[in-house]
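Q: One structure coming up, written as structure tokens, with questions to follow.
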Amino acid sequence: MALIFERFISLKTARVAPPKLLDEAIAVSSQMVPGPDVVSQLAQNSALGEVLATGLRTLNSHPRCSESDLRAAMEGAGRVVAHRLERYLSALATIASAAPLLGLLGTVIGMIEIFGSQAGSGGVGSGNPAQLAHGISVALYNTAFGLIVAIPALIFWRYFRGRVDAYLLTLELSSEQFVRHLLRLRSK
């Protein structure tokens with residue numbers, strides 16, 4: 001549950017890719033490359049802001065950098081942001097896949113113990129059927145608890161995976177548009 005709550009907070013649109021941020025960054029840099037204070041403020045805004053700020057920092061430090069250098073700098077920043085967006089998703093996927101197996105393991109071990117205790121209590125047919133039924137139901141609770149953990153973990157993993165993929169596409173398209181803007185700005 002903690003991973004799910006953390007991902008809900010970290011993957012809010014305002015923290016990753018605010019809708020109007022690209023337009024604002026283009027507007028602020030329409031005449032010239034802004035100074036370091038404006039660039040720092042942009043970088044602290046969101047994940048998209050970090051990527052866009054990297055492009056501005058690159059132009060500030062190397063005004064005549066090549067298009068490939070500018071793209072490489074922004075792609076590097078994008079990879080760092082992508083890694084941060086995907087944080088804990090593999091743990092959530094592992095929980096979703098391991099929980100039913102752990103539940104099944106508990107069920108099998110419980111069944112082995114139940115049948116072992118029934119066999120040791122005398123001859124064939126001397127076991128208590130009510131005790132056997134109760135033991136089987138308790139053993140099956142392990143499978144149920146494994147599924148209770150696995151199903152929500154899988155649902156939220158798929159939800160967050162889709163959300164991260166959508167954000168990454170937004171970051172990539174916005175970065176491409178911003179690179180073209182910076183190249184036009186540089187040629188002025």
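We did not get these values from a lab; they are worked out from the coordinates using the rules stated. Keep in mind the model is a prediction, meaning the values are calculated, not measured. As a convention, Cβ positions derive from the backbone with ideal geometry for all residues, glycine included, and neighbour counts pool all protein chains shown.
Q: Fewest Cβ neighbours within 10 Å first, please rank Val51, Val38 accordingly.
A: So the residues, fewest neighbours to most, are Val38, Val51.
Q: Can I ask one more? Starting from one equal scatterer on each C-alpha and no solvent at all, send me the Debye-based log10 I(q)/I(0) for region 57-96 at q = 0.15, 0.21, 0.25 Å⁻¹, two decimals.
A: Log10 of I(q)/I(0), two decimals: -0.50, -0.67, -0.80.
Q: So how strong a dipole does the chain carry about its Cα centre when Lys and Arg Cβ are +1 and Asp and Glu Cβ are -1, to the nearest 20 debye?
A: So the dipole magnitude of the chain works out to roughly 500 debye.
Q: Can you sort Leu52, Leu42, Leu154 from fewest to most other Cβ atoms within 10 Å of each residue's own Cβ?
A: Sorted ascending by nearby Cβ count, the order is Leu154, Leu42, Leu52.
Q: Something else about it: Please report the equivalent ellipsoid semi-axes of the chain, computed as sqrt(5 x eigenvalue) of the Cα gyration tensor, largest first, in whole Å.
A: 60, 13, 10
Q: Still on this structure: Report the extension gain between Val28 and Ile148 in nm, rounded to one decimal, defined as 0.36 nm multiplied by the number of residues separating them, less their alpha carbon distance.
A: 38.2 nm
Q: In addition: Could you work out how far the C-alpha centroid of region 37-76 sits from that of region 134-149, in angstrom?
A: What the calculation gives is 54 Å, centre to centre.
Q: Can I ask one more? Quick one: net charge of Ser97's neighbours, Cβ under 15 Å, K/R +1, D/E -1?
A: For residues surrounding Ser97, the net value is +2.
Q: Something else now. Taking neighbour Cβ counts within 10 Å as the exposure measure, how do Lys20, Lys12 sort from fewest upward?
A: Lys20, Lys12
Q: Moving to a separate point now. Based on Cα positions only, what radius of gyration and what Dmax would you give for region 89-161, in angstroms?
A: Cα-based Rg and Dmax for region 89-161 come out at 16.8, 56 Å.
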